[in-house]
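The structure appears below as structure tokens.
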Amino acid sequence: MFGSVVVGIGTAGLVRIRDMLAPLPSSAAEKLSVKGFISRRILEEQQGVKQITVEDALSRDDIKVAFVCTENAAHEENIRMFLEAGKHVCVEYPMAMTHKTAVDLWDLAQEKGVVLHEEHIELLTADFKQLKKDVAGKRLEEGFLHFTGGPLKPGFGFPAFSGIARLTWLVDLFGELSVTAASMEEDKENKYMKMTAQLITKEQKPLTWIEEWAPGLPRAKDINFRFDSCTITQLPPATREPVGIFMQDLVLFSQKLLGQVPRDQLHAERRRVLHCLELADRIQQLSLKGSAQDA
Ligand code: NAD
């Protein structure tokens, strides 16, 4: 069994506790057992699970795994601390706020001989799986993905990082990308943010990615993918799967702990995660350069 601790009791942290208490029967996730949680607040038991201290979690031999579910700005420090202590880490996306940090953390995990896993539930939804099937074999001419939501919570970072799930969609659908331009509009007083990134595929086809965050904006995605043969403007209808997306991710992470995931799959996943963070870095640099020039 892999005794686990959950760090950060927000939406994701509570779901992790819930799923470990009732893992998918006969799946690798049954090998995880939640031993406690860590919070900066003093909290009561959560779903029957007790709060423990960081020192306790780091030193206990029966705790082998940490789930890092804090706001993004605290991910690096938490991951590093648990990896240094020889614990496996599952972190909610994004792993880090720079590409370089993510490379360092992955190197550290390798050095310590432990698993470092970045959750990507957005790739596990029924509608995304159907979209991927629908896109397969088609030649993209031009694409557009506009996400709205918000406002962006403090500590969640630059929109290219907090919105890494949308970027991961684009990379998973269309392959590795390059950034040609990026800009950012911000009205701090009204908590309004709009990031626009211009990307191109290896075949030099343009993709526009917009993240727009403000109070009252609905959480929604608008897509327009024009192919040589047709245009997709809506997510395909797909029947919700019986196994929830966080549970699917938990099973994948547990399979990694048990050494059941093939090396080439691990390699491809690491490459995709690092590629997306590298793109996010570049988008941030270009956006901030543009904002500095405007000022
Ligand atoms: P959240 O705002 O619910 O919680 C984030 C952190 O804030 C936690 O550390 C929590 O302890 C702390 N927190 C929450 N409420 C608090 C309060 N009232 N006072 C003090 N601290 C408080 O965020 P979340 O949605 O759980 O996101 C956590 C991580 O999971 C992020 O990295 C996010 O990108 C990732 N993630 C979340 C989801 C999701 O569905 N929520 C999906 C994918 C990835």
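The values are calculated or read from the model by the stated rules, or taken from the named source; none is laboratory data. This is a predicted model, so every value here is computed, not measured. Note that each Cβ is placed from the backbone with ideal geometry, even for glycine, and that neighbours are counted across all protein chains shown. Calculation scope for accessible area: heavy atoms of the full protein, side chains included, ligands and nucleic acids excluded. Shrake-Rupley method; radii C 1.70, N 1.55, O 1.52, S 1.80 Å.
Results, tabulated for the structure shown:
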read-out: Relative contact order computed over the chain (Cα-Cα under 8 Å; 6+ residues apart), in percent; value: 20 percent
read-out: Average Cα contact separation per residue, region 166-295, under 8 Å, 6 or more apart, as relative contact order %; value: 29 percent
read-out: Viscosity 1.306 mPa s, temperature 10 °C, Stokes-Einstein D of the chain from Kirkwood C-alpha radius, µm²/s; value: 79 µm²/s
read-out: Overall form of region 127-198 per C-alpha gyration tensor (a/c, 1.5; a/b vs b/c); value: prolate
read-out: Whole-percent carbon and sulfur share, accessible surface of region 1-148, 1.4 Å; value: 51 percent
read-out: In order through region 169-183: 3J(HN,Hα) via Karplus (6.51 cos²θ - 1.76 cosθ + 1.60), integer Hz, x for Gly, Pro; value: 4, 4, 5, 5, 7, 10, x, 5, 10, 10, 9, 9, 7, 7, 8
read-out: Hz values of 3J(HN,Hα) by residue in region 249-260 - Karplus curve (6.51, -1.76, 1.60), Gly and Pro given as x; value: 5, 4, 5, 4, 4, 5, 4, 5, 4, 8, x, 9
read-out: Pairwise Cα inverse-distance average, inverted: Kirkwood Rh of region 179-295 (Å); value: 17.9 Å
read-out: Relative contact order (%) - region 172-220, alpha-carbon pairs under 8 angstrom, separation at least six; value: 33 percent
read-out: Simple spin-label estimate for D228 and E141 in nanometres, 7 Å along Cα-Cβ; value: 1.2 nm
read-out: Fraction of beta bridges assigned by DSSP in the chain that are antiparallel (%, nearest 5); value: 55 percent
read-out: Debye log10 I(q)/I(0) for region 10-132, one point scatterer per Cα, at q = 0.10, 0.20 Å⁻¹; value: -0.33, -1.27
read-out: Fraction of accessible area attributable to carbon and sulfur, region 211-295 (%, probe 1.4 Å); value: 50 percent
read-out: Simple Cβ-charge dipole of the chain, Lys/Arg +1 and Asp/Glu -1, about Cα centre, in debye nearest 20; value: 420 debye
read-out: Segments 90-101, 50-61 sorted - mean Cβ within 10 Å per residue, highest first; value: 90-101, 50-61
read-out: Contour minus Cα-Cα distance for R80 and E203 (0.36 nm per residue); value: 40.5 nm
read-out: Sequence-distant lysines (8 or more away, or on other chains) whose Cα lies within less than 17 Å of K153; value: K188, K191, K194
read-out: Neighbour cut-off at most 15 other Cβ (10 Å), DSSP loop, chymotrypsin sites (Phe, Trp or Tyr not before Pro), region 141-222; value: none
read-out: Accessible surface, the chain, averaged per residue in Å² (probe 1.4 Å); value: 48 Å²
read-out: Those aspartates and glutamates that a straight Cα-Cα span of less than 16 Å connects to K221, excepting residues fewer than 8 apart in one chain; value: E122, D127, E211, E212
read-out: Lysine pairs in region 1-128 with Cα atoms under 27 Å, if 8 or more residues apart or on separate chains; value: 16
read-out: Straight-distance crosslink candidates among lysines, where the alpha carbon sits under 19 Å from K202 and sequence neighbours closer than 8 are dropped; value: K132, K138
